[in-house]
């Protein structure tokens, strides 16, 4: 299993203001990209994400403008971890496939 640990700032998607993400750094994105797996929609990769004491299952998505994967951070996680736009988030990602 591939596990990545990193810190990244929470940002709001310009096209949909209710959606928030953190960008997976280039080195960690490369590890995810290199791992063999069956193809999924939009190039997504299933992961288990942890920020603080909150863990959930979701997918990361490739973002061609950033050249990296992005992790959606749902409202329940932002509330539980008291995260606002621009705040740094310490993330643990486990690739599930």
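Quick one: is residue 96 touching a strand residue (DSSP E or B) at 6+ places or on another chain (Cβ under 6 Å) and surrounded by fewer than 17 Cβ atoms within 10 Å (Cβ to Cβ)?
Yes.
State all residues of segment 77-86 that are within 18 Å of residue 11 (Cβ to Cβ) and exposed (fewer than 15 other Cβ atoms within 10 Å of the Cβ); if no residue qualifies, say none.
Across segment 77-86, the qualifying residues are 79, 82, 84, 85, 86.
Looking at the structure I just gave you, is residue 37 modelled with pLDDT under 95 and over 11 Å from the mean Cα position of the chain (by Cα)?
yes
Does residue 31 satisfy the condition of being modelled with pLDDT under 95 and more than 12 Å from the chain's Cα centre (by Cα)?
Here the answer is yes, as residue 31 does meet what is asked.
State the number of residues belonging to segment 32-60 that are buried (at least 16 other Cβ atoms within 10 Å of the Cβ) and farther than 18 Å from residue 79 by Cα.
Within segment 32-60, residues that are buried (at least 16 other Cβ atoms within 10 Å of the Cβ) and farther than 18 Å from residue 79 by Cα number 5.
I'm trying to understand the selection: among the residues of segment 38-97, which are in a loop (DSSP other than H, G, I, E, B), out of contact with any helix residue (DSSP H, G or I) (no Cβ under 8 Å at 6 or more places or on another chain), closer than 17 Å to residue 20 by Cβ and touching a residue at least 60 places away in the same chain (Cβ under 8 Å)?
Answer for segment 38-97, where residues must be in a loop (DSSP other than H, G, I, E, B), out of contact with any helix residue (DSSP H, G or I) (no Cβ under 8 Å at 6 or more places or on another chain), closer than 17 Å to residue 20 by Cβ and touching a residue at least 60 places away in the same chain (Cβ under 8 Å): 73, 85, 86, 87.
Which residues, taken from segment 1-22, are in a strand (DSSP E or B), farther than 14 Å from residue 50 by Cα and touching a helix residue (DSSP H, G or I) at 6+ places or on another chain (Cβ under 9 Å)?
Answer for segment 1-22, where residues must be in a strand (DSSP E or B), farther than 14 Å from residue 50 by Cα and touching a helix residue (DSSP H, G or I) at 6+ places or on another chain (Cβ under 9 Å): just 20.
The values are calculated or read from the model by the stated rules, or taken from the named source; none is laboratory data. The structure presented is a predicted model; accordingly, all values stated were derived computationally and were not measured. FYI the Cβ positions are ideal-geometry reconstructions off the backbone, even for glycines, and counts take in every protein chain you see.
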